[in-house]
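A.B. asks: One structure, as structure tokens, below. Some questions next.
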Amino acid sequence: MIISDKEGEILVKTARLAVAEYLRMDKKISLSDETKNRFSYNSGVFVTLSKGENLRGCIGFPTPEKKLYQSLVDAAIASATEDPRFRPVRYEELGEITFEVTVLTPPTVIKVNEPSEYPNKIKVGRDGLVIKWEFGSGLLLPQVPIEHGWNEEEFLGYACEKAGAPRDYWKQKSTMILKFEGIVFKETQPNGIVSRINL
């Protein structure tokens, strides 16, 4: 999957517009035909909102079930209004919030003979993880372990925790682990220049 810097800029600006329109008018934005045509392929996507150094919302779709332009708008609005960890974003806050969009490659199952092989099958700075176990699933984006300085084993542990599992649950044979890559674009400051984040 190749996304140009220009397309990355359009994705981030569209996410911001979608949130602004929803918070101000309580309705979903109408996208131009050009934007729809450009992003009419199916793709997973996450939208991350940050206020200063602090996370303000992050929601997305890990699998390519919908067109990217549809997933982008839905994820942007949900990250601003539905993230259970935070109170909903207010319209007046948008001038203090930076937007980040991560477009995902389809998750693939990591095949191993023994769970001890997992750390060697993933790469911090390239891969995101999805953990699936008996009681749920959880996802961490590729940029998360870099931001926290985790190694591969710590990344696996925190991904288990995100799924509601014990931190060492990746060592269980019943646990399914998938990896994906992300293409990340982020505003350098609220409503500022959009740049590609090289992980």
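A.B. asks: Exactly one condition in (1) in contact (Cβ under 8 Å) with a residue 60 or more places away in the chain; (2) outside any loop (DSSP other than H, G, I, E, B) is false for Tyr158; which is it?
C.D. replies: (1)
A.B. asks: Step by step: first the residues of segment 92-143, then only those that are part of a strand (DSSP E or B) and of a type in the set (D, E, K, R), then the one that is nearest to Glu181 (Cα to Cα). Which residue is that?
C.D. replies: Only one residue fits best here, namely Asp127.
A.B. asks: Which residue, of Thr98, Thr108, Thr102, is surrounded by fewer than 17 Cβ atoms within 10 Å (Cβ to Cβ), of a type in the set (Ser, Thr, Tyr) and either within 15 Å of Val45 (Cβ to Cβ) or in contact (Cβ under 8 Å) with a residue 40 or more places away in the chain (or both)?
C.D. replies: Going through Thr98, Thr108, Thr102 in turn, the sole match is Thr108.
A.B. asks: Could I ask something else about it? Of the conditions (1) part of a helix (DSSP H, G or I); (2) touching a residue at least 24 places away in the same chain (Cβ under 8 Å); (3) within 14 Å of Tyr22 (Cα to Cα), Val89 satisfies every one except a single condition; which number is it?
C.D. replies: (1)
A.B. asks: Also, quick follow-up: Might you let me know whether segment 9-25 holds any residue that is in contact (Cβ under 8 Å) with a residue 24 or more places away in the chain, touching a Cys at 6+ places or on another chain (Cβ under 7 Å) and either more than 26 Å from Leu141 (Cα to Cα) or surrounded by 16 or more Cβ atoms within 10 Å (Cβ to Cβ) (or both)?
C.D. replies: Scanning segment 9-25 turns up no residue that is in contact (Cβ under 8 Å) with a residue 24 or more places away in the chain, touching a Cys at 6+ places or on another chain (Cβ under 7 Å) and either more than 26 Å from Leu141 (Cα to Cα) or surrounded by 16 or more Cβ atoms within 10 Å (Cβ to Cβ) (or both).
A.B. asks: Related question: State yes or no: is Lys6 part of a loop (DSSP other than H, G, I, E, B), surrounded by fewer than 16 Cβ atoms within 10 Å (Cβ to Cβ) and of a type in the set (Lys, Arg)?
C.D. replies: No; evaluated as a whole, the condition is false for this residue.
A.B. asks: Which condition number in (1) outside the structural domain of Thr63 (by TED's automatic domain parsing); (2) farther than 26 Å from Pro64 by Cβ is the one that Tyr118 fails?
C.D. replies: The one condition Tyr118 does not meet is (2).
A.B. asks: Do you know which of the residues in segment 41-78 that are more than 21 Å from Pro107 (Cβ to Cβ) and of a type outside the set (A, V, I, L, M) is surrounded by the fewest Cβ atoms within 10 Å (Cβ to Cβ)?
C.D. replies: Glu53
Quick grid of which residues meet (1) closer than 30 Å to Arg16 by Cα; (2) loosely packed, with under 13 Cβ neighbours inside 10 Å; (3) among the aromatic types (Phe, Trp, Tyr); (4) at pLDDT 95 or above:
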{"site": "Ile122", "(1), (2), (3), (4)": "no, no, no, yes"}
{"site": "Glu134", "(1), (2), (3), (4)": "no, yes, no, yes"}
{"site": "Phe155", "(1), (2), (3), (4)": "yes, no, yes, yes"}
{"site": "Lys186", "(1), (2), (3), (4)": "yes, no, no, yes"}
{"site": "Arg196", "(1), (2), (3), (4)": "yes, no, no, yes"}
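A.B. asks: May I pose another question? Leu31 passes all but one of (1) at pLDDT 95 or above; (2) part of a loop (DSSP other than H, G, I, E, B); (3) surrounded by fewer than 16 Cβ atoms within 10 Å (Cβ to Cβ); which number fails?
C.D. replies: (3) is the only condition that Leu31 fails.
The values are calculated or read from the model by the stated rules, or taken from the named source; none is laboratory data. Please read all numbers here as calculations on a predicted model, not as lab measurements. Ideal geometry is used to build each Cβ from the backbone, glycine not excepted, and the neighbour counts take in all protein chains shown.
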